[in-house]
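Enquirer: Got a structure for you, written out below as structure tokens; questions coming shortly.
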Amino acid sequence: MIFETATVNDLPTIHKLAHEIWWPTYSEVISAEQISFMLENMYSEEALLQQMNEGMQFLLVNDEDGPIAFAGHCAEESAYKLHKIYLLPRAQGKGLGKKIIDHVADIARANYFQCLELNVNRNNPAFEFYKKLGFEVYQTVDIPYYEFVLNDYVMRKAL
């Protein structure tokens, strides 16, 4: 397993991974219309570049067959934020998600943060995974996002 900080040259790979991961991950959680919108609005190469230019760091994970996961993270005012963590379905359930979160937590600690924060859709089965890793619900939020509403838990884990 190879963890590497993504560069601008990796944005097409992250874009491709997002399209391969979002449909099976969210098809029973949000509408197809919202999935399409989110992929276009947040995971086009242009949107990813803008996020990178605004301080988002992307982590790309490869195995012997190529790219299998990515994460997006950055420092925020009150916590270190894990904005994105996505694994191909074939890579899920094998401990990789925990390794990615541990890696990001190490970065947060190295930058003197005491807390790792993430948002998760309230209907996403990943909520239970995050609880198992020690995250706790910090807030319940409904975030207007264009014509959609993101029904999330904000979760935090002390570092």
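The values are calculated or read from the model by the stated rules, or taken from the named source; none is laboratory data. On a predicted model such as this, the values are computed, not experimentally measured, just so you know. Glycine also receives a Cβ, built like all others from the backbone with ideal geometry; neighbour counts cover every protein chain displayed.
Enquirer: Cβ-Cβ below 9 Å, separation at least six or inter-chain, first residue in region 2-18 and under 19 Å from residue 55 (Cα atoms), second part of a helix (DSSP H, G or I) and among the aromatic types (Phe, Trp, Tyr): which pairs?
Expert: Within 9 Å, the pairs are 14/43; 15/43.
Enquirer: Something else: Applying the selection to region 37-77, what residues are within 18 Å of residue 120 (Cα to Cα), of a type in the set (Gly, Ala, Ser) and more than 16 Å from the chain's Cα centre (by Cα)?
Expert: none
Enquirer: Run down 88, 150 and say which single residue is at pLDDT below 95 and either more than 14 Å from the chain's Cα centre (by Cα) or hydrophobic (A, V, I, L, M, F, W, C) (or both).
Expert: The conditions single out 150.
Enquirer: Another one. Looking at region 1-34, which of its residues are out of contact with any helix residue (DSSP H, G or I) (no Cβ under 6 Å at 6 or more places or on another chain), among the hydroxyl-bearing types (Ser, Thr, Tyr) and surrounded by 15 or more Cβ atoms within 10 Å (Cβ to Cβ)?
Expert: Within region 1-34, 13, 25 meet the criteria.
Enquirer: Pick from region 87-96 the residues that are surrounded by fewer than 16 Cβ atoms within 10 Å (Cβ to Cβ) and without any contact (Cβ under 8 Å) to a residue 40 or more places away in the chain: which of them is nearest to residue 158 (Cα to Cα)? Give the derivation first.
Expert: The first filter runs over region 87-96 and keeps only residues surrounded by fewer than 16 Cβ atoms within 10 Å (Cβ to Cβ), leaving 89-90, 93-95.
Restricting the remaining residues to those that are without any contact (Cβ under 8 Å) to a residue 40 or more places away in the chain gives 90, 93-95.
Numbers: 90: 30, 93: 24, 94: 24, 95: 20 Å.
Step by step, filter region 87-96, then rank; the result is 95.
Enquirer: Among the residues of region 52-86, how many are crowded, with 17+ Cβ neighbours inside 10 Å, closer than 16 Å to residue 16 by Cβ and not aliphatic (A, V, I, L, M)?
Expert: 6
Enquirer: Out of the residues in region 123-137 that are surrounded by fewer than 16 Cβ atoms within 10 Å (Cβ to Cβ) and modelled with pLDDT of 95 or more, state the one that is farthest from residue 35 (Cα to Cα).
Expert: Filtering first and then ranking leaves 134.
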